[in-house]
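Laboratory data are not the source of any read-out in this text; all were calculated from the coordinates shown. What you see is a predicted model, and the numbers here were worked out from it, not measured in a lab. Here the Cβ is made from the backbone with ideal geometry for all residues, glycine too, and neighbour counts use every protein chain on show.
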Amino acid sequence: MQTREQLAHLIDVAAGRIPADTVIRNCKIVDVYAGEIVEGDIALCGDQIAGIGSYEGRETVDARGMYAAPGFIDTDMTAVLPETVRTGMTQGIPAGRAGQPEDVAQAVAFFAAEQSSYLTGQVLCVDGGMAM
């Protein structure tokens, strides 16, 4: 659980009032619910995604055209689903749990890191094995 100060900081980053810790550019997010690909900077605040849009950051990295395809992620959007739906969704995930926003942020950060510089144009499924 985040403290009030941590949440306020995350909101300030998301609103663009203060720079993100890291901004990942040139990455596309596959929105499986809306059936579209979202393009924009990914703003990270620590290991959490603060937002997708146009951001400035203390550090900027290039994801080299990668695609991130998150599965069932535990967010405010999924928190409003009935518990039976949430349980049903997680039962179909080999990892046995919903993903956390940090899981997506860490995976995208790896894609953008120097250690993965030979990877280009790939799709990274951050879904706990849902697509297996």
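Numbers at a glance
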read-out	value
Ascending count of other beta-carbon atoms within 10 Å, so fewest first, for 72, 110	110, 72
Kirkwood hydrodynamic radius of segment 1-100, Cα pairs, Å	14.9 Å
Difference of contour (0.36 nm per residue) and Cα-Cα distance, residue 15 to residue 47	9.8 nm
Residue of 82, 94, 70 that the Gaussian network model of the chain assigns the largest fluctuation, springs spanning Cα pairs under 10 Å	82
Estimated FRET transfer efficiency when R0 is 22 angstrom, pair residue 116-residue 78 (beta carbons, to 0.05)	0.20
Gain on full stretching of the segment that runs from residue 37 to residue 8 - 0.36 nm per residue minus C-alpha separation	7.6 nm
Candidates 35, 51, 121: whichever shows maximal mean-square fluctuation once the chain is modelled as a Gaussian network with Cα springs under 10 Å	35
